Structures are given as C-alpha cells and as structure tokens.
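Student: Have a look at this one before I ask anything.
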Amino acid sequence: MDSRISRYRRSATLAALLLGALAAQASAQPLWLDASGHPNVPAREVVKWLVQSDKDGLRPADYDAAALDKALTAAQAQLPSADEAARLDAQLTDAVGRYLQHLRFGRVDAQRELNAHYDSATAPSPDLAQLLRDAVARGAPDEALRAATPPWPQYRHLREALVAYQAMGEPAAWQQKLGAPPGGKLQPGQRWNNLPRLAERLALLGDLPAGAAAPASYDATLQAAVKAFQLRHGLEGDGVVGKTTIDALDVPPAARARQIALALERLRLTPMPSAARFITVNIPEFGLRAFSQATAATAEAQPPVVRQDFAMKVIVGKALDTRTPLFDEDMRWIEFSPYWNIPSSIARKETVPKLRANPGYLAAQGMEFVHGSGISTAVSPEALNAVLAGQWRIRQRPGPRNALGNVKFMLPNNQAIYLHDTNVPSLFGRTRRDFSHGCIRVEQPVSLAQWLLQDQPDWTESRIQQAMHKPRPVTANLQAPVPVLIVYRTAVALPEGKVGFVPDLYGLDARLERALAAPRAAQAVAPNATSKAQLAAPPLHFSAGAPNLIAAQ
C-alpha cells in the first residue's frame with residue numbers, strides 16, 4: 001500500500017480507534033475514570049492540554065475545553081451516574097482525539113483550501129490511538145502528546161515564542177502609534193519625544209537589554225537595538241528609523257502572536273520528509289535551508305534528530321503575476337552549464353517582442369532557435385511566427401549571459417519550477433527579492449552542489465567549478481533523491497531562540513486565516529494528504545448522537 005495513503009488512513013481514523021478501544025474496554029474500566037468512578041489523573045492532565053491548546057495556536061473552544069474542565073471538576077466532587085460517566089468518558093475521548101489530530105496534522109486541507117501540494121514520501125505517522133491508550137494505562141499521557149507534536153525542529157522554538165508574545169498581552173507601549181520623527185527619519189544623536197516609548201518596545205521585544213537607561217537621544221545602544229529589530233523583521237539593518245521600520249514597530253504583540261500561530265499551523269500542514277536530507281525554501285523569507293536527519297523519520301514516539309546544515313538567500317517569483325507555487329518534489333540531478341529553454345509564455349510576452357524590435361538581441365544574448373531540422377540563428381518574421389505557433393522554441397546557450405547562471409538543480413514537476421544560479425548576483429543584496437518568473441534563484445550554487453554531491457567524492461569543488469563553465473551541459477545524477485519543499489511562513493525560528501517576522505508577500509496568511517475561520521462540520525478535520533489519500537479516506541465521526549453531558553453542567 002502507498003505509504004502516503006496508509007499514513008492518511010491511520011490519522012483519519014484516530015478518533016474512531018479511540019472510541020472503539022473505549023467500547024471494548026467499557027465493561028472493564030473507562031479510559032478516563034478510576035475504579036471509584038471519579039476522573040483519573042490522566043483525565044485531569046489531558047483537560048489541561050485542551051485548556052492550554054492556545055499555546056500551540058489552537059483554539060480551546062474547538063475542544064469544549066472550558067466545559068470539559070467544569071464537568072471534570074463536578075465529577076470529582078460528586079460521583080456521576082453510570083450513564084453520565086460513560087458520556088463524559090466518550091466526550092473527553094472525542095475532544096482529545098480531535099486535539100491530537102489537529103496538533104499533528106492541522107485543521108484544514110492544505111491542497112484544497114491553500115493550494116499547497118505536498119505529497120512526497122513521508123515516514124509513517126505515529127499510531128496516536130495506540131500510543132494514547134498505552135500512555136494512559138501507564139499514567140503518562142504526555143508520551144502521546146510528544147508523539148503528536150509536529151517533528152519539525154522549528155516547531156518548539158516558534159511555540160516558545162508564541163507563549164512569550166501571548167504573555168505580553170496589550171502593553172501600554174503600543175497603545176499609541178509612534179508617529180514619524182522630525183524630518184521623517186531618526187538619525188544617530190537626534191532627539192525625539194517618542195524615544196522612551198521606542199526603547200520600551202525594543203526592551204519588551206528583547207532587542208534592547210533589559211534595564212537600559214531611557215536615552216536622551218538616539219544613541220549607539222538604541223541604534224544597535226533597532227538594527228537587531230530590523231534584521232529580525234526582514235528589513236535593511238541600517239539603524240535608520242524610517243517609515244518602514246516604524247510600521248513594523250507599530251505592529252502589536254498580539255498581531256505577532258497570531259502570525260506565529262499561523263506559522264505553527266503551516267508546520268502541521270507540511271509533512272516531514274522521510275529522506276535523510278531535504279531542502280526547504282520559505283518564500284516570504286526569501287530563504288533556503290538544507291537539513292539532514294540522523295535517521296529517517298519513523299512512527300516511534302520520539303521525533304527524528306534533524307539538524308540544519310546551512311542557509312542561504314534566494315530569489316522567488318514576483319508577487320504580482322509570477323508567484324512561486326507551494327509544493328514538494330524530489331531533486332534528482334544537477335545540470336552544470338545548462339541551456340535555458342525559454343518557456344513559451346516568456347517567449348511570447350517578452351523575447352519575441354524584443355526580437356521584433358531588435359533582431360540583434362538573439363546573438364547578443366547567446367540565443368538560438370531550435371526546430372525539427374536543427375538549430376538556426378537567423379531572425380526572420382517566419383521564425384518568430386513559428387515560435388508563437390509553438391513550432392519552434394528559443395533557447396539560450398551556456399555562458400555568462402545565461403539567465404540560469406551556471407547551474408540548474410532539477411526537481412521534475414508539472415509546473416516547470418526548479419532551482420538555479422543567476423547571472424545577476426547583485427539582486428541578492430536587496431531586502432525584498434521577488435524578481436523571478438516562478439523559479440528559485442540560489443545565492444550559493446557551489447555550496448548547494450557540494451552538499452548535494454557530498455556522497456560522491458569525485459565531485460570535488462574544483463570539478464564542480466570546471467563543470468559550471470563548459471560550452472555544453474554536464475549532468476550529475478544524485479545517488480538518492482533529495483526532497484525540496486516550497487513553503488510559506490511569515491514567522492521564522494532564528495538562532496539563539498529568536499523569532500523573525502517577514503511581510504506576507506503573497507497574502508497567504510490572510511488566506512489561511514479565512515480557511516481557519518470558515519465553519520466546519522463537528523468532526524475531526526482530516527490531515528493534509530494527497531488526492532489519492534483523499535479519495536481513500538473515510539469521513540470522521542466522533543461519538544455521534546451521544547447526549548451532551550457537559551452542556552448540562
């Protein structure tokens with residue numbers, strides 16, 4: 001059976017398995033009640049999970065947390081009847097089942113509602129139902145909670161940041177906007193009546209050392225804190241407080257907490273690859289990260305040990321009209337000194353009009369026509385019409401003008417998206433880097449090639465450099481496919497426990513907000529899965545038709 005379908009079916013039937021286990025054990029001992037009929041210690045522990053589920057960016061109300069907490073307290077004070085105890089046990093099982101499922105797999109269908117297509121091979125998901133039964137029997141339900149926590153290494157750091165931002169509440173420092181300093185920009189040594197409020201905000205956010213004296217002017221200490229803030233928020237770290245920096249400073253902690261919660265949800269919606277190595281490209285961050293796993297992810301309670309090997313800047317698709325899509329696919333080979341086969345859409349909209357205006361553009365850019373009879377470099381109306389008709393195509397030869405640079409990293413997909421070098425490296429100096437037609441340009445192609453070919457010692461750095469400057473393409477096949485995941489998170493985990501924020505480049509945070517706010521049936525949401533898995537998965541139902549004990553409390 002396809003491992004992805006198997007994973008989906010296991011997760012989709014989590015609550016049904018829990019309830020089935022409960023029914024099988026009903027004549028002996030309910031899951032959440034002790035021999036006397038009172039709630040047991042695990043019951044009180046799991047209700048705390050539900051009450052505090054907002055610490056993971058979830059909503060306690062989705063699990064009837066307050067009502068269950070109240071019902072459990074009442075059952076502790078006064079022994080419930082047999083029917084009441086059975087209903088309470090079933091309702092708590094239902095709530096915990098939904099909570100664990102949401103925690104591990106998310107609450108929406110990423111493909112249908114977010115147009116994010118993640119279907120590469122992943123390790124089997126943990127059998128949360130069995131883990132929960134075993135953990136409760138041992139009086140250690142936290143073992144099941146750990147197994148349900150997403151295995152991404154960023155998850156723990158972002159969760160800690162969420163708790164910290166939630167704890168800030170609504171500080172007085174954000175009750176009023178900062179406004180613009182005199183002259184529109186705050187320069188070193190300048191005085192400003194809002195400096196105390198600026199310093200207070202930076203101290204609360206951790207960019208200014210706690211206990212720093214209120215400055216009389218924009219001094220070096222405050223400037224260093226502003227630079228730290230700017231770098232954490234995807235801004236140019238120049239220390240100059242202008243409109244963009246002030247706009248970022250005016251965002252209250254509650255809004256940042258929501259941003260982190262959405263990032264946690266996206267981590268839940270993105271399956272962890274089973275491969276020993278994989279790559280993520282976070283679009284709004286304009287960043288690539290390469291990861292290694294000590295062992296492939298398994299279904300065991302302990303998550304795999306994942307380490308980040310390196311990170312680099314990238315350039316992504318233009319926000320206006322050529323956005324980079326969200327998907328995952330396996331990288332299988334590297335092509336050094338590549339041809340650029342110009343996509344028909346680009347040829348039609350850009351290249352052909354340029355050639356009509358200036359026929360010399362073809363030779364100047366190292367381009368040529370490719371057709372059934374071979375190759376041509378003569379620009380004529382007939383040749384251009386053949387390109388527009390799809391009979392001929394245009395390609396750019398390897399060389400310094402090639403738009404792909406000197407290397408292309410191939411991950412076959414039906415959207416013609418891949419990673420590549422660039423012949424305009426100066427663009428990596430920009431803060432905002434959405435300049436491409438959809439493909440992803442990488443800042444350090446040699447380092448990436450070395451990492452991908454590390455298990456092939458004959459591919460030395462010298463050989464890679466030589467292959468990147470050949471007149472014809474040179475191909476290096478990877479010994480094992482390396483998954484590449486194109487993701488979208490506007491809150492990111494940074495070194496030393498810091499958290500960074502970047503603008504919602506494509507407006508996809510707003511789309512996720514709408515998906516989460518949409519009304520859904522009163523059943524657990526199926527985890528993100530492939531279309532095959534969606535067809536195979538049964539609907540989920542939880543204690544349907546059972547009288548509601550907690551509503552009567």
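Bear in mind these aren't lab numbers, they're just calculated from the coordinates by the rules spelled out. Computed from a prediction, not measured in an experiment: that's the story for all the values here. Using ideal geometry, Cβ is built from the backbone for each residue, glycine included, and neighbour counts are taken over all protein chains shown.
Student: Sorting check: for 383-390, 37-44, which peptide has the highest mean count of neighbouring beta carbons within 10 Å, and how do the rest follow?
Tutor: Packing proxy ranking, top to bottom: 37-44, 383-390.
Student: Determine which residues of segment 375-390 fall in the zone a paramagnetic label at Tyr361 would reach in this model, i.e. backbone nitrogen under 18 Å from the point 7 Å along Cα→Cβ.
Tutor: Output list for this probe position: 377-390.
Student: Quick check: Cα centre of segment 74-127 to Cα centre of segment 339-378, how many Å?
Tutor: Distance between centres, Cα-based: 56 Å.
Student: Further question: Quick check: Cα centre of segment 135-191 to Cα centre of segment 203-230, how many Å?
Tutor: Result: 19 Å between the Cα centres.
Student: Separate question: Tell me the net charge near Leu269. Cut-off is 11 Å between Cβ atoms, Leu269 excluded, with +1 for each Lys or Arg and -1 for each Asp or Glu.
Tutor: Taking every Cβ under 11 Å from that of Leu269, the sum is +2.
Student: Check the straight Cα-Cα distances from Lys177 and name the aspartates and glutamates below 12 Å, setting aside those fewer than 8 residues away within the same chain.
Tutor: Partners found: Asp247, Asp250.
Student: Order 165-177, 225-237 from most to least packed using the mean count of other Cβ atoms within 10 Å.
Tutor: In decreasing order of mean packing, 165-177, 225-237 become 225-237, 165-177.
Student: Put a dot 7 Å past each Cα toward the Cβ at Asn477 and Ser373; how far apart are the dots in nm?
Tutor: So the two model labels end up 3.6 nm from each other.
Student: If each DSSP helix of 4+ residues adds -39,500 (n - 2.57) and the sum is divided by the residues in the chain, what number results at 222 nm, nearest 500 deg cm²/dmol?
Tutor: -11000 deg cm²/dmol
Student: Give me the net charge for the shell around Ala449: Cβ to Cβ below 11 angstrom, other residues only, Lys and Arg +1, Asp and Glu -1.
Tutor: -1
Student: Right, another one. Using packing as a proxy for protection, rank 429-440, 463-474 so that the peptide with the highest average count of other Cβ atoms within 10 Å comes first.
Tutor: Top of the packing list down: 429-440, 463-474.
Student: Give me the one-decimal nm value for the distance between modelled label points at Ala294 and Arg393, 7 Å along each residue's Cα-to-Cβ direction.
Tutor: 4.6 nm
Student: Summing Lys, Arg as +1 and Asp, Glu as -1, what charge do residues with Cβ under 12 Å from the Cβ of Ser292 carry, Ser292 excluded?
Tutor: After counting each charged neighbour, the total is +1.
Student: Going down the list Lys227/Lys498; Lys55/Lys227; Lys48/Lys70; Lys55/Lys498, which pairs span over 19 Å between their C-alpha atoms?
Tutor: Values: Lys227/Lys498 14 Å; Lys55/Lys227 29 Å; Lys48/Lys70 12 Å; Lys55/Lys498 17 Å.
Pairs exceeding 19 Å: Lys55/Lys227.
Student: In straight Cα distance, which lysines are under 29 Å from Lys349, not counting same-chain residues fewer than 8 positions off?
Tutor: List returned: Lys313, Lys318, Lys408.
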